[in-house]
Every structure is written in C-alpha cells, then in structure tokens.
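Just so you know, all these numbers are worked out from the coordinates, no wet-lab data involved. Only a predicted model underlies this, so the values are computations on that prediction, with no experimental measurement involved. Cβ placement follows ideal geometry from the backbone for every residue including glycine, while neighbour counts extend to all protein chains displayed.
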Amino acid sequence: MRHAAAKGFLLALTGLLATSGAPQQVASATEAKTVPAKGKRVTPASQLVFGSLRIASTSVGAREQLEIALDSYETAQYPDAVVHAKRAVAQDPQCALAYALWSYAARWSGSAPEAMQKALSLSGKSPTDEKLLVQFMVGTQEADVLPAIVAMNDLVNKHPKDKHVLFLAGDWLLSQEDYVRGRKLLEKSLEQDQNFPPALNTLGYAYVDSLDPEPERGIDLLRRYADISPDDPNAQDSLGEVLRMTGDDAGSLARYAAALGISPTFLTSQFGRGDTFTLMGKYSSARAEYDKALKMAPSNHDVLHIEFQKVLVYFWQGDAGAGRSELAALSAKAAEANDAMAQFEIDYAQVLLAPDANSASELLAAIEARLTNVPEGMTTAERNQEYASVIREEVRLKLANHKRSEVDGLILRLDQLAAASRD
C-alpha cells in the first residue's frame, strides 16, 4: 500500500485514497561493549536509533519502541506506529522524538496537537539528530513548512548514507508531488540497501504516479519487494493496487487474494478487491467485498472511507441521483463523527460529481466556510492543502463558465496562502 494519497477526480472514483501497510523486521542497535578512549566521548548505543540517529533518552526500552514505531511508519502501518510511539513515551516521558513520531503517524487519520507541542517543548535539550527529526516531523504539519524543509535538508546532509533518513525525506517529497527529488532520495536509500522494503514499495508507486511514469519499472520494484518479503501481505497488496492502476484487473485480484491469504484481516486488500471489481463493472461483487471490509474495519475513520468507496459504485452504475443522495448522508455521518478528513474526502467528491456548476459552487462555498479555521482533527498543513484544493476548483469552475473577471481574486488568495505557508 502506498504512503501519500493524492486527491483528485480520478482517485475519488477509483478508490486509491486510503493507505496502510505491514511492518518489516526491525534491526535494533546493540549495546556498546568497548571502553571509550580517554578524552573521547562515545555515545552509548542506547542513545542511537537504528544505530545512527542520536537521541537524548538513555532508555533502551524507549529506543526499541521508537525503532519499531519508525519501522511501522516506513511500511505505512500508521496505527501501529502510533501505538509504539506511545509505548516509547511510556518508557521515557521526556523523549521528544517519541512525541514527534506519534503526531507524524497520527496525521493520516487525524491529528495529535498535544503530542506536537510536547515534542517541541522537549526538543530544546535534544542532540542535533533528534532536534532535526522533531523539527521535520512537527514542521511538516504546520502552516509554514520551510523550517521542516531546512531540517530535512540538514538531516540528509548530515546522514547522506542513512537509508531511514533518505526514506523519510524522499517519502515526504513524494507526498508533495515532488517526484524528481523524491525518487532521487529513494534511489539513494536503495543504494545503501538494495532490498530495503519501504524504499522498494514507495518507489514502485512513484514510478507509476509521476508525471513521466515508468509503470514497468514500478511493477518490477514491487515484484522485488514481494520476492524478498514472502510473508508480508503489504507487498502483495501494493502489487494488487498498482496492477489495477495499470489495467491488469485479473492480476490485481490475484495479488489481493494472496495478501488476504497471508493475513485474512488485511483491510486495504479487502476493500481493494472491491475497487477492482468496480472498475471491472462487477458491481454486486464489489459491494460484497466492501461489506466484508466493513466487518473488519478497526476504526470509524476506516468505516467512513469504505462506505465512501461503496457509495461511488452508484456513479459507475450510472445512478448518479442515488449516489449524490448517499454522499450527502455520508457527509452528515462524518460531521457527526467529527472526522474532518473523512468529511472533506466525501464533500470534495460531491463537488466533482455535482450535477451542475451552481451546485458545485454551493458545495465549495460550504467546504470553504468550514476551512476558514483549522478544523479539529486536521493539522494546519492539511487544512492549507485542502483549502488550496477548494480554491483551485473554484478557479476551474469560473473559467469553465466564462467568469474570468472573478478569477483574479481567487488566484490572489492562492498566492497569499502559498506565501504564508512557503509551500
């Protein structure tokens, strides 16, 4: 499964928005046995995450939980990453990186502002590596992302051969649709470890998603990931999704089935089968797969996303009236659950699937009003991205309906948002 999920008309209709993954084996640092030379300070191994990234904590338990959390994040197992980051906090409540990683992983299904603030408050006494990681993980969630970019660059320059640092930086750049630099860093990560599963997985998607796609290259990387990780359902899941994206529906279904054979409750493969059947025009089979996924969904956020995918089947069937009615009801359900991210996903689809320009404009105005301030459950960076999406769609509608005189003000607002966020 992929890390970054872009929003757009194609993705809204093909079910490529939700993400997850499966963990790889963690290689923890070992305790130092040698006696340090006189006058030379040697950092104890308990202070090195993955043997290279220095943190202030001297708790071995906290370090081990951080490594598991980072490993889970790298393989897109965000809920697991949050769990283990919290366990690291329990082992050492003064560990700044544990709070930062908690917030960084949690942002995929909400936000953790208290963890962000705690990370910042503790990082003042952190060594350079930890401080830069905190600045990067927290900064990417704030309105002004420039400090996060500076921290990311400093980390890469300080650790140019650390596969984990290279992965984190490349993965974030891909989430910002900077495919050239993102792919370059992920390739460097593979130079350090040619069988590094997170890089194989994410780079596989990058070669399919980019503006100059190389689908064969992407599929080859994902096949390699599957070959070296035969017990990892995520490897099969990723192939299932990418094969669907490249038109191999039969191959997609087979890979999803293989993932479920390894892990019968691997959620994204279960509703991924629904997505593939939808594109094949087998709508009854699609709904049956979505219903199976709903029974295994671990959170209300997952339930809302699967229900969203299921509603989209109406549009593929040509019953737009029923689809719009169901989307409106699902939006109300998301609002009642106070799930701002799910509500935006649903409401933006309503805009793209509206019957006419006036209806779309009314929906955009309602979304924009909700995004005037940062909604609970969204980070500032997420709010800015969604707000920009709304304004861009307003520009498109105005131009499509020959209202050029109303566009300049919208473009000015986009310029102001870009200047404020430096994104």
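For segment 353-382 and segment 271-323, what is the separation of their Cα centres, given in Å?
24 Å
What are the principal axis extents of the Cα atoms in segment 121-224, in Å, biggest first?
The Cα atoms of segment 121-224 stretch 47, 28, 18 Å along the principal axes, largest first.
Hey, what's the Kirkwood Rh for segment 122-172 if you take every pair of different alpha carbons, in angstrom?
Final number for the Kirkwood radius of segment 122-172 is 10.9 Å.
Pick out, in residue order, every one of the trypsin sites (Lys or Arg not before Pro) in segment 61-109 that is DSSP loop and has at most 11 other C-beta atoms within 10 Å; say none if there are none.
On the way: sites: R63, K86, R87, R107; in loops: R107.
Qualifying residues, ordered by number: none.
Let me know the whole percent of all Cα-Cα pairs from segment 297-423 that are separated by more than 17 Å. Before the final figure, lay out the partial values.
On the way: 4787 of 8001 pairs.
Counting every Cα pair in segment 297-423, those more than 17 Å apart make up 60 percent.
Hey, what angle do you get for helix 163-175 against the long axis of the chain, alpha-carbon based, 0 to 90 degrees rounded to 10?
Taking the Cα atoms of the chain, the angle to 163-175 is about 20 degrees.
Tell me, what HN-Hα J-couplings in whole Hz come from the Karplus equation 6.51 cos²θ - 1.76 cosθ + 1.60 at θ = phi - 60° for each residue of segment 340-354, using x for Gly and Pro?
Calculated HN-Hα couplings, in order: 5, 5, 5, 5, 5, 4, 5, 5, 5, 5, 4, 4, 5, 10, 5 Hz.
Can you tell me the 0 to 90 degree angle between the C-alpha axis of helix 113-122 and the longest principal axis of the chain, rounded to 10?
Tilt relative to the chain: about 20 degrees.
Placing one identical point scatterer on every Cα of segment 170-237 and ignoring solvent, what is log10 I(q)/I(0) from the Debye formula at q = 0.18 Å⁻¹?
With one equal scatterer per Cα and no solvent, log10 I(q)/I(0) is -0.60.
Normalised by the number of residues in the chain, what is the relative contact order in percent for Cα pairs under 8 Å and 6+ residues apart?
About 12 percent, as a whole number.
From Cα pairs below 8 angstrom and at least 6 apart in sequence, can you work out the relative contact order of segment 90-133, rounded to a whole percent?
Worked out over segment 90-133, it gives 45 percent.
In nm, give the distance between the simple-model label positions of A257 and A320, each being 7 Å from the Cα along the Cα-to-Cβ direction.
It is 3.6 nm.
Running Debye on the chain with equal point scatterers at the Cα sites and no solvent, what base-10 log of I(q)/I(0) appears at q = 0.11 Å⁻¹?
Ignoring solvent entirely, the Cα scatterers give -0.86.
Computed over the Cα atoms of segment 94-149, what is the ratio Rg over Rh, Rh following Kirkwood?
Dividing the radius of gyration by the Kirkwood radius yields 0.94.
Give me the one-decimal nm value for the distance between modelled label points at V150 and I411, 7 Å along each residue's Cα-to-Cβ direction.
Spacing of the two 7 Å Cα→Cβ label points: 3.1 nm.
Across 5 Å bins from 0, what is the distribution of all Cα-Cα pair distances for segment 248-312, in whole percents?
For segment 248-312, the pair-distance distribution reads 4, 21, 31, 24, 16, 3, 0.
Ranked highest first by average number of other Cβ atoms within 10 Å, how do 268-280, 174-186 line up?
268-280, 174-186
Tilt of helix 179-192 relative to the longest C-alpha principal axis of the chain, in degrees (0 to 90, nearest 10)?
Here the helix axis deviates by roughly 40 degrees.
Using alpha carbons only, how many angstrom separate the centre of segment 140-155 from the centre of segment 194-238?
If you average the Cα positions of each part, the centres end up 27 Å apart.
Taking every alpha carbon pair in segment 362-413, what does the distance histogram look like in 5 angstrom bins from 0, in percent?
4, 21, 28, 24, 14, 6, 4, 0
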